Amino acid sequence: MAQSNFFDPVHFRRLVSRLTSPLTEKYIGLLAALPEDGHVVVALARDLIDWASRDVLPLIDMSETRKVFLTAEWLDLVMLNYEVDPGFLEKYVPTGTELDSFLGKTHVSLVGFRFCCTKLLGSLAVPLHSDFEEVNLRFYVRRKEGGENRRGVVFIAEIVPKQAVAATARLIYGENYICLPMKHAVSIDGPKRTVKYQWQVNNQWSQLTADAIGPPQLPRNGSLEQFITEHYWGYSRQRNGDTVEYQVAHVPWRVWVSSASGFEGGATDLYGGELGRIIQVQPSSAFIADGSPVTVFKGTRLS
């Protein structure tokens, strides 16, 4: 029964077109329960889902109403999470959204990751701008759309090392991108993994790092890891007060819970005094996510 359910084309297309966490976990779980060679089939299923999100999903949506802005791979994500007073974030909340919380606690996250194989409109690779780092400071919101609860991300500031990338994001989405020198390092020593992202402000290097040991796991339903990683909408407040909403499609990421993590350097120049001081303390939680192919759709203004 598990095999016929997974390979039924109707079920598979739903999985491809929506890529929602419950469906993904349902089918992966069914395959993992196979008595023989289950791990081989699970690996195949993950490859199929990655391929679908990278190559099939953009084609499906280009033929419907949504249009692709870019496709890429987001890899080696480091996520440092801090509990904050909701009052610190009220001035950043876009119109039409409200702060989201996990078990009554509000979080901001300092996130570093690698943009790889980036293509505008799903097919146009820009020379020297396909692979680069990004570090962003984000928080979490939600919005009701009909019967759907859309859980999304708002970026306070985003750093990239490419001026053209920063300018394009500011123009298209009104996001607060800045261009700074950046570098990263991923070190794997047996079961230990260390990921580091660095950026330079006023001749001073800042960095976020995380260590992890052992294999990654899909986040448990209802866990903080699931809350942080599974926001599939972005919201950006425009200069005139409007809000732009855009969708980001990807499979659920596997995560390593970090055994050691932190931020070093100056933060107030980029994030202001209150938020700068917050991220200079030890994060309340941290993890590394493996990442996946992603599709970012063109945004729409909320009425």
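The values are calculated or read from the model by the stated rules, or taken from the named source; none is laboratory data. Just so we're clear, the structure is a prediction, and the values are computed from it rather than from any experiment. Positions of Cβ are generated from backbone atoms using ideal geometry, with glycine treated the same way; all protein chains shown enter the neighbour counts.
From the list GLY122, GLY96, the lone residue that is buried (at least 18 other Cβ atoms within 10 Å of the Cβ), in contact (Cβ under 8 Å) with a residue 24 or more places away in the chain and part of a loop (DSSP other than H, G, I, E, B) is GLY122. Within the option set SER261, SER206, SER187, being part of a strand (DSSP E or B), hydroxyl-bearing (Ser, Thr, Tyr) and either without any contact (Cβ under 8 Å) to a residue 40 or more places away in the chain or closer than 30 Å to LEU121 by Cβ (or both) holds for one residue only, SER187. Of everything listed in (1) modelled with pLDDT of 90 or more; (2) in contact with a strand residue (DSSP E or B) (Cβ under 6 Å, 6 or more places away or on another chain), the single unmet condition for LYS144 is (2). Within region 187-224, the set of residues being aliphatic (A, V, I, L, M), closer than 16 Å to ILE288 by Cα and surrounded by 10 or more Cβ atoms within 10 Å (Cβ to Cβ) comprises VAL195, LEU208, ALA210, ALA212, ILE213, LEU218, LEU224.
Scoring TYR235 on the criteria (1) within 17 Å of GLN207 (Cα to Cα); (2) at pLDDT 95 or above leaves a single failure, condition (1).
Filtering VAL68, VAL78 for residues that are at pLDDT below 95, of a type outside the set (Phe, Trp, Tyr) and crowded, with 19+ Cβ neighbours inside 10 Å leaves a single hit, VAL68. Just one of the listed residues (GLY273, GLY262, GLY266) is out of contact with any Gly (no Cβ under 8 Å at 6 or more places or on another chain), modelled with pLDDT under 90, closer than 20 Å to VAL108 by Cβ and surrounded by fewer than 19 Cβ atoms within 10 Å (Cβ to Cβ), namely GLY273.
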